[in-house]
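The values are calculated or read from the model by the stated rules, or taken from the named source; none is laboratory data. Treat the numbers as computed from the prediction; the structure is a model and nothing was measured. Virtual Cβ from ideal backbone geometry, glycine too; neighbours counted across all protein chains shown. SASA here: full protein model, heavy atoms, side chains in, ligands and nucleic acids out. Shrake-Rupley method; radii C 1.70, N 1.55, O 1.52, S 1.80 Å.
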Amino acid sequence: MIKKTACLLLIILQIFLLSGCWNYRGLNEMSVVIGIAVDKAPDSGNYQLSFEITDISTPIKDKGVQSKIVESEGKTVFDAVRNAKKRIHNKLYFGQTQLVVFSNEIAHSEDFSGVIDWFLRDGELRETICVVISQEKTAREIISSKGIGQSIVSNEIRQIVETDEDATASTSAVEFYQVFNILRAEGKSLTLPEIHNVVNNDETVIEVNGTAVFKENKLVGYLTSDESKSFLFAIDEIKGGVLTVSSEGDDRDDISLEISKNSTKRSFDFKDDKINVSIHTDTTVFLDEAMVHNNALDDKQTAALEDAAAAKLENDITLVIQRVQSEYGSDIFGFGNMIYKKDFRLWNQLKDTWDEQFIALEVDVSSDVHIVNTGEIEKS
Amino acid sequence: MLRRLFLRDKQKIVNDKVEDLNEELENRDLFSSLDKNIETISKLFQDVDILRLKYITNNHDNRLNYCIVYCDGVVDNAIVNDSIIKPLMLSSVPVTSKNPVDIIMNQIVQINDTEKADKLSDIAESIAYGDTVLFVDGAPEAIVFNTKGFKTRAISEPDSEKNLNGPREGFTESLMMNLSLIRRKVLTPELKMKFRTLGRRTMTRACICYMDGIVDKEVLAELNRRLDKIDIDAVLDTNYITELIRDSRLSPFRTTGYTERPDVVIGKLLEGRIAIFLDGTPFVLTVPYLFVENFQSSDDYYLNFFYSSFSRLLRILGFFLTITIPGFYIAVVAFHQEMMPLQLFISIAASRSSVPLPASLEAFIMIIVFDILRETGIRMPTNVGQALSIVGAIVIGQAAVEAKLVAAPMIIVAALTGITSLLIPKMNAPVIYIRMMLLILSSFFGFFGFVLGVAATLIHIINLRSLGIPQAAFSGKLQLQEIKDTAIRAPWWRMILRPSFAKDKVRMNGGENDHD
């Protein structure tokens with residue numbers, strides 16, 4: 001009996017010891033932050049944070065959940081977070097935060113790994129938050145614009161960015177923990193999705209607009225949406241999107257190929273103190289639009305189309321690699337990382353001079369395109 | 001310890017009282033004189049106005065004087081008149097004074113069930129139970145005729161166990177009728193029925209039924225040992241027995257089964273269980289009781305096994321849902337909000353935004369309200385039923401949400417909890433307590449408390465025993481045959497063996513070769 005009671009007491013004691021620091025917290029005692037925009041005040045150099053919080057005071061029956069913006073300023077990021085409490089009676093809750101937008105100014109001028117430190121260190125934020133760079137003057141403009149599909153724009157941005165790879169392939173989604181990993185990885189540079197504002201039906205909305213390129217800890221430039229697609233081909237991350245080709249060989253693209261499957265093989269060889277990288281893409285596509293052939297295609301036409309698409313793809317990938325080499329000098333393709341993983345000894349030799357090596361890298365691109373389906377138009 | 005001593009003292013007082021009462025009758029033999037016997041009986045049944053005495057003198061030999069004694073209302077008057085009084089009056093059979101009782105029993109009275117009695121206590125009990133007792137002048141013995149004939153409820157389908165398929169009979173309050181319902185369905189003499197008496201004052205007849213050859217004799221002996229220990233003055237329902245013989249007295253879970261259906265009792269007897277019938281109640285106890293029996297229904301065996309397996313899984317799911325939903329909801333809403341998907345989070349947050357009470361208190365209140373509604377539904381007179389459903393559904397549901405007294409998700413949680421609890425009526429009691437325990441643990445410690453509570457519940461369930469047989473665990477090693485009638489109901493051609501506590505395990509031929 002005594003033994004039983006003692007066991008029971010021990011078990012009950014566990015509750016107090018092991019339950020950690022979580023706490024009863026009513027849902028009505030918190031302001032739920034869905035998105036955060038990080039800006040810098042031009043004169044004082046303080047951080048200006050804007051939080052998109054859910055507005056649960058208006059009934060959601062009629063219009064769905066609306067959001068509000070809370071702004072705050074502080075010497076550090078966390079200082080600014082706490083200062084927001086001065087304006088709003090509930091504490092900010094970050095457990096459901098979906099998105100963080102950084103202004104391009106901060107990314108340009110500051111050590112990026114320092115700015116993101118709080119987001120990774122704080123216990124409440126998730127590590128899988130979506131990170132994007134604002135192409136507008138401030139990051140605040142992005143989260144204060146209007147969502148089309150959802151009234152909470154931060155959530156919509158996150159979903160656009162995350163599903164982008166499958167549908168349009170115009171950017172590459174990166175989560176917070178990956179930012180941290182890439183910034184510390186050998187021979188690899190960071191890219192982040194790029195968002196700007198556009199006018200749609202007389203309202204300011206957001207649009208994904210390519211990829212921001214980092215060199216070490218700072219933003220150095222952008223890739224356009226089309227370049228981003230080629231970039232995704234080069235790093236074997238493409239999962240969908242459209243490949244447009246010209247049937248005549250002229251400038252006007254009139255054929256749309258839907259990318260169904262792609263596999264990219266990358267290899268390198270080291271000869272005469274020179275590194276050659278070769279990239280081979282093998283893509284399966286569906287023919288989805290042929291403005292010039294209103295009929296079913298025969299085998300010859302299909303073969304010609306495959307060749308044209310492959311040639312265009314090779315060209316596009318080569319161009320984007322060359323542009324990054326010459327303009328940004330930042331190894332966003334992870335070629336160095338590939339060498340690091342495959343030949344650690346060689347990487348140790350190259351490591352110190354990798355920036356120059358990367359610029360001088362010879363890249364050989366080859367592509368194969370297979371059209372497996374020409375759609376529902378049949379020979380009549 | 002103290003409590004046990006105290007209980008024993010109390011029990012002793014009751015025993016002594018009953019002892020005193022019975023003592024004067026207990027070992028008293030009958031007299032030879034008719035008048036003296038009648039006087040004793042009359043004194044014993046003083047102030048019992050339904051007692052009838054009828055003096056009879058034989059037409060042919062007026063030296064033969066008899067007296068029959070019975071209670072009005074519990075005997076069949078036609079039998080008494082035609083088969084006892086008439087032959088006694090008209091018979092011309094010479095009754096010698098040597099053994100008049102035997103002659104009357106064997107040659108005169110036309111009754112199938114007769115018995116000699118010479119103890120006053122037996123005679124008193126027989127009279128009370130509906131027998132007619134014949135005293136013969138000059139004989140120190142009396143004859144007990146079975147003339148029981150009282151009105152019983154007709155056999156009807158039990159309200160507490162409705163079925164889609166299968167037999168629709170239900171037990172009544174009459175022990176003999178209940179036994180007949182069993183007897184006529186199982187014709188083998190292996191079916192044993194042993195009578196015993198329970199309750200010092202009520203002296204209620206009970207009957208222990210089992211299949212000789214299937215039942216484990218040790219379990220039977222254990223049951224008899226426990227029944228012997230029962231020392232109570234009245235047993236009005238089988239639940240009295242349940243609470244007196246159960247293994248873990250303070251557990252809210254059932255350790256004995258009960259049913260109102262003869263087919264269920266037979267099914268359990270054939271699996272090696274023992275049934276306890278009690279006069280005066282339609283509920284029959286079955287032991288040992290496995291935990292899965294909480295989820296079983298007789299319909300499972302009468303419907304297609306695909307269907308019954310599904311509905312059994314639903315019942316198990318219902319059990320887990322009904323105990324966990326409120327606790328889970330509170331843990332998520334008040335502690336681990338990051339667990340919810342964003343859209344769900346926002347809509348719950350929005351509906352909770354202007355509600356005055358904290359979520360856990362709200363859950364507590366709503367669950368109590370549901371239990372109040374349920375209890376009202378059982379207790380209220382049937383003709384005010386509509387008022388309850390209107391008040392329950394509209395006022396407490398819709399109006400409370402619109403008045404912002406309760407958050408809408410909480411209503412859904414309470415409703416789901418309530419409905420799922422109705423899936424498993426045999427577990428009403430444990431479910432209420434476990435649900436509350438999980439809710440309280442969750443409101444203080446979040447998921448940690450919740451998981452701890454669930455673990456404690458599972459440990460308790462696994463520790464439960466019924467007549468020494470583990471209720472949830474099986475024979476130690478898990479065999480496929482043993483789980484064929486648990487979470488699912490395997491088709492009959494696959495259920496070759498009986499549950500492990502039966503002595504004779506093989507239900508079908510060929511079972512030895514097919515233990516897959």
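Computed quantities for the displayed model
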| quantity | calculated |
| --- | --- |
| Test: B:ALA407 is open to solvent by less than 50 Å² (accessible area, probe 1.4 Å), more than 14 Å from chain A (Cβ to nearest Cβ), under 42 Å from the mean Cα position of the chain (by Cα) and closer than 30 Å to A:ASP55 by Cα | no |
| Unique residue being more than 14 Å from chain A (Cβ to nearest Cβ) and surrounded by fewer than 13 Cβ atoms within 10 Å (Cβ to Cβ) when the list is B:THR376, B:THR382 | B:THR382 |
| Residues that are within 14 Å of chain B (Cβ to nearest Cβ) and among the hydrophobic types (A, V, I, L, M, F, W, C), drawn from region A:128-144 | A:ILE129, A:CYS130 |
| Residues of region B:250-264 classified as in a loop (DSSP other than H, G, I, E, B) and under 18 Å from B:MET427 (Cα atoms), total | 8 |
| A:LYS75 surrounded by 14 or more Cβ atoms within 10 Å (Cβ to Cβ) and of a type in the set (Lys, Arg) | no |
| Restricting region B:418-451 to residues that are among the polar types (S, T, N, Q) and within 14 Å of chain A (Cβ to nearest Cβ), the residue that is farthest from B:PHE319 (Cα to Cα) | B:SER443 |
| Selection count, region A:338-372, where residues are open to solvent by less than 70 Å² (accessible area, probe 1.4 Å) and touching a residue at least 24 places away in the same chain (Cβ under 8 Å) | 19 |
| Number of positions in region B:83-98 that are surrounded by 13 or more Cβ atoms within 10 Å (Cβ to Cβ) and farther than 13 Å from B:ILE56 by Cα | 3 |
| Positions within region A:40-52 being open to solvent by 10 Å² or more (accessible area, probe 1.4 Å) and farther than 12 Å from A:GLY74 by Cβ, in sequence order | A:PRO42, A:ASP43 |
| Test set (1) within 18 Å of B:ILE325 (Cβ to Cβ); (2) at pLDDT below 85; (3) not acidic (Asp, Glu) - B:GLY377 fails condition number | (1) |
| From B:ASN37, B:ASN106, B:ASN59, B:ASN15, residue being at pLDDT 80 or above, assigned to a helix (DSSP H, G or I) and exposed (fewer than 15 other Cβ atoms within 10 Å of the Cβ) | B:ASN106 |
| Residues within region B:343-364 that are at the interface with chain A (Cβ under 7 Å from one of its Cβ atoms) and either farther than 16 Å from B:ALA399 by Cα or open to solvent by 60 Å² or more (accessible area, probe 1.4 Å) (or both), tallied | 9 |
| Filtered residues of region B:179-191 (kept if open to solvent by 70 Å² or more (accessible area, probe 1.4 Å) and closer than 25 Å to B:VAL235 by Cα) | B:ARG183 |
| Subset of region A:214-243 (residues that are under 20 Å from A:ILE106 (Cα atoms) and small (Gly, Ala, Ser)) | A:GLY221 |
| From A:GLY336, A:GLY375, residue being of a type outside the set (D, E, K, R), in contact with an Asp or Glu (Cβ under 7 Å, 6 or more places away or on another chain) and outside any helix (DSSP H, G or I) | A:GLY375 |
| Whichever residue in region A:210-239 is open to solvent by 40 Å² or more (accessible area, probe 1.4 Å) and assigned to a strand (DSSP E or B) and, among such residues, is nearest to A:GLY329 (Cα to Cα) | A:LYS215 |
| Scan of region A:193-209 for residues that are under 25 Å from A:ILE317 (Cβ atoms), among the aliphatic types (A, V, I, L, M) and buried (at least 24 other Cβ atoms within 10 Å of the Cβ), ordered by number | A:ILE195 |
| Segments classed as strands (runs of 3 or more DSSP E), wholly inside region A:35-127, with at least 3 members that are touching a residue at least 12 places away in the same chain (Cβ under 8 Å) and away from every other protein chain (no Cβ under 14 Å) | A:47-55, A:66-74, A:99-103 |
| Search result, residues across region B:265-316 that are without any contact (Cβ under 8 Å) to a residue 60 or more places away in the chain and either farther than 30 Å from B:VAL235 by Cα or assigned to a strand (DSSP E or B) (or both) | B:LEU285, B:THR286, B:ASN304, B:PHE306, B:TYR307, B:PHE310, B:SER311 |
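Residue-by-condition table, conditions (1) within 26 Å of A:GLN357 (Cβ to Cβ); (2) surrounded by 12 or more Cβ atoms within 10 Å (Cβ to Cβ); (3) touching a His at 6+ places or on another chain (Cβ under 9 Å):
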{"position": "A:SER247", "(1), (2), (3)": "no, yes, yes"}
{"position": "A:SER256", "(1), (2), (3)": "no, yes, no"}
{"position": "A:ARG266", "(1), (2), (3)": "yes, yes, yes"}
{"position": "A:ILE275", "(1), (2), (3)": "yes, yes, no"}
{"position": "A:THR281", "(1), (2), (3)": "yes, yes, no"}
{"position": "A:ALA304", "(1), (2), (3)": "no, yes, no"}
{"position": "A:ALA310", "(1), (2), (3)": "no, yes, no"}
